[in-house]
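Engineer: Below is one structure. I have some questions about it.
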Amino acid sequence: MAENCFEIATSQSGYCVLQICSNFVVQHLLELKIPEVTENLLRQLKGSYVSLSCNKYASIVVENCLIKAEEEQASQIILELLSSPKVSILLVDPFGNFVIQKALLVSKVSSSAKSNCIYCFSSHMCVWQYMIYMKLGRLTKTLETFCTLSVGTR
């Protein structure tokens, strides 16, 4: 199988299988609750939490990172999610929405994370209300236009 990894990874079905399996491996490593392993995984995922949150299988990994991480680590993940320019998309994304819900649940434990969540949600409320009325097929283009207009008027 090792000889055929590239071929498997570049085929549509092979890519999906590898993606699912790698997510299970990461989840299993988090379940081991070995602080050094968890810290290493979180460090490697840093900077990717938003894009991972919008993926069916990777979003589960992000949720588990939030749950299994220490309070300070979870706060850093939440801060990365909330400080992203794409945070508004997470709320309406079918998978990102679950990550945001988990972030809220975790933030109830950490007062600093909770403060960050409240600030972010209040500052993006207008955008989210606007997005609710948009059709999902046109959401990305409309949101980009809306954000460009909003940024230009500040």
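Engineer: Assuming R0 = 22 Å, can you tell me the calculated FRET efficiency for the pair Val37 and Glu70, based on Cβ-Cβ distance, to the nearest 0.05?
Structural biologist: Step by step, r from the Cβ atoms, then E = 0.95.
Engineer: For a quick size check, give me the Cα extents of the stretch 62-106 along its three principal axes, largest first, whole Å.
Structural biologist: 27, 18, 13
Engineer: Moving on to the next point. Using just the alpha carbons, could you tell me how many Å³ per residue the convex hull of the stretch 36-93 encloses?
Structural biologist: 72
Rule-based calculations on the coordinates, nothing more; no lab input. None of the values given here were measured: they were computed from a predicted structure. Ideal geometry is used to build each Cβ from the backbone, glycine not excepted, and the neighbour counts take in all protein chains shown.
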